[in-house]
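Below is one structure, written out as structure tokens; the observations come after it.
The values are calculated or read from the model by the stated rules, or taken from the named source; none is laboratory data. Since this is a predicted model, take the numbers as computed values, not measurements. Cβ atoms come from the backbone with ideal geometry, glycine included; neighbour counts cover every protein chain shown.
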């Protein structure tokens, strides 16, 4: 009797182990602020001077998405969307102060229930302990580029158990940690789900010393909009009345923004990238902008080079360990990044370079190599897709939808979404971006800068912008006021209002903010007159702040790690 029981148990264990072996491992790689147009597979202006062969391999041997978008282009909110599969007004992570507590970290919880061994290594940035993972080793907040410290599980309270990598660059250290976990801690009777998150290339960029000569003597190709703002670009919201707010909306590469610019910040941070004894007064505005742009891009691309080389290390391990063909590799970033377009730095904007996320997926067993897909995908769709990869349950709380069938077939389902949603809440915090909400289709983008903080205060002028992405992919001409587009504007506004209702962004989270948003929704002549008045008021307030030497806007939004 005893032997029969042992045999039965053994059969069950063998069956369970066999099923685990049949299921793929999942390596989810996310970098920070890695703009898609800084990956050479996306064939942008940087592809020839700064190739990324290891990242390109994921695309060449799998699928590349050209229309993958975040719903809020800032670190914590984007990561929260991935972990929960929910929009930020649902998961509660509106800004950099947001958190996802243990018990609510849906993605690792469901992976564990499905029999996966889970790990989170690198940048977490969601405040609470990532306790719903089997293993974690994460940076505190933003973390450091050099000699990084990591928080680990241990006997002390969360945040007090740490290890440090002296003499290491953070990109190398994160790869070391993931390789060590796969080699020494992964229980190979289970498939693994590893979230491998790089800090790089988050601003302020700081590469490993070995890359210091990379691109040192290269003039980096620049976008036309860096040098001259198109007269058709923007609105009252982003330019002010008679362009009076152009210096004060959006932090700049050159000296346009007197509060914060790379021309102001980078010469002391990266003196080797500027002429000896550099003084902006010795050069023209365009010369200064060129110095700042080259310094910015060189440091950024050196960080990207470090990521690409470390992706090569991950490929090498998976190949030599025999796991490559049984591992789904996903590469993305938490959002895009402005690389000089419109003379803007950072992200936050609903503009293409900021809103777009790189997304490439490799799994030759099921995904045909070399696909380039233009299907609209949002970061709330990542979690259900990863769960479907794993054969795991997708909870009813998830608002996104799996695009796994698209990856397998290469065909967009007829009932797939026809628009993506965007909302940036951190009004005028850190980088002088007005709060805004909008909708993007495959052909057009509608943005409403409603211009207030959570409490309806610190007002900037409201304004609408509409861009034709087919004929104007660089978003240089706002066609909202073109009489020929009256019906299109009405249609897209209706679709935006409908989408807000469908996903639950009903204004109840911050009612005072919603009052302002609704007040200027129609944007009739009276609304425009009020917007002009707000423009004058804001300019007076900003000039007063600068005169007092106050370079931190009082927006009521916390100044947690950027």
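Residue-wise test of (1) under 16 Å from residue 378 (Cα atoms); (2) surrounded by fewer than 22 Cβ atoms within 10 Å (Cβ to Cβ).
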| site | (1), (2) |
| --- | --- |
| 76 | yes, no |
| 90 | yes, yes |
| 113 | no, yes |
| 121 | no, no |
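Any idea which of 469, 446 is in the same structural domain as residue 489 (by TED's automatic domain parsing), crowded, with 24+ Cβ neighbours inside 10 Å, modelled with pLDDT of 95 or more and touching a helix residue (DSSP H, G or I) at 6+ places or on another chain (Cβ under 8 Å)?
Going through 469, 446 in turn, just one is in the same structural domain as residue 489 (by TED's automatic domain parsing), crowded, with 24+ Cβ neighbours inside 10 Å, modelled with pLDDT of 95 or more and touching a helix residue (DSSP H, G or I) at 6+ places or on another chain (Cβ under 8 Å): 446.
Within region 149-172, track down each residue that is out of contact with any strand residue (DSSP E or B) (no Cβ under 7 Å at 6 or more places or on another chain), in a loop (DSSP other than H, G, I, E, B) and closer than 30 Å to residue 269 by Cα.
Result: 165, 166, 167, 168.
If I ask for residues that are outside any loop (DSSP other than H, G, I, E, B) and either modelled with pLDDT under 95 or closer than 19 Å to residue 182 by Cα (or both), which ones from region 138-148 would you list?
Residue satisfying the conditions is 138 alone.
Just give me the residues in region 179-193 being surrounded by 24 or more Cβ atoms within 10 Å (Cβ to Cβ) and within 22 Å of residue 34 (Cβ to Cβ), in sequence order.
193
Mind listing whichever residues of region 391-400 are under 21 Å from residue 362 (Cα atoms) and surrounded by fewer than 21 Cβ atoms within 10 Å (Cβ to Cβ)?
If the condition is that a residue be under 21 Å from residue 362 (Cα atoms) and surrounded by fewer than 21 Cβ atoms within 10 Å (Cβ to Cβ), then 391 is the only one that fits.
So residue 215 ticks every box in (1) under 14 Å from residue 302 (Cβ atoms); (2) under 21 Å from the mean Cα position of the chain (by Cα) but one. Which box is left unticked?
Exception for residue 215: condition (2).
Determine whether residue 74 is within 15 Å of the chain's Cα centre (by Cα) and not assigned by TED's automatic domain parsing to the domain that holds residue 439.
The answer is yes for residue 74.
Check region 419-436 and report whether any residue there is surrounded by fewer than 18 Cβ atoms within 10 Å (Cβ to Cβ) and either closer than 23 Å to residue 512 by Cβ or modelled with pLDDT of 95 or more (or both).
Checking region 419-436: not a single residue is surrounded by fewer than 18 Cβ atoms within 10 Å (Cβ to Cβ) and either closer than 23 Å to residue 512 by Cβ or modelled with pLDDT of 95 or more (or both).
List the number of the failed condition for residue 415; all other conditions in (1) assigned to a loop (DSSP other than H, G, I, E, B); (2) surrounded by fewer than 17 Cβ atoms within 10 Å (Cβ to Cβ); (3) touching a residue at least 24 places away in the same chain (Cβ under 8 Å) hold.
(3)
Since residue 217 meets every condition but one in (1) surrounded by fewer than 20 Cβ atoms within 10 Å (Cβ to Cβ); (2) part of a helix (DSSP H, G or I); (3) out of contact with any helix residue (DSSP H, G or I) (no Cβ under 6 Å at 6 or more places or on another chain), which condition does it not meet?
Status for residue 217: all satisfied but (2).
Condition first: outside any loop (DSSP other than H, G, I, E, B) and either without any contact (Cβ under 8 Å) to a residue 40 or more places away in the chain or over 12 Å from residue 174 (Cα atoms) (or both). Now tell me which residues in region 112-137 satisfy that.
Correct list: 112, 113, 117, 118, 119, 135, 136.
Can you tell which of 277, 257 is outside any helix (DSSP H, G or I) and either on the phi > 0 side of the Ramachandran plot or assigned by TED's automatic domain parsing to the domain that holds residue 462 (or both)?
None of the other options fit; the residue is 277.
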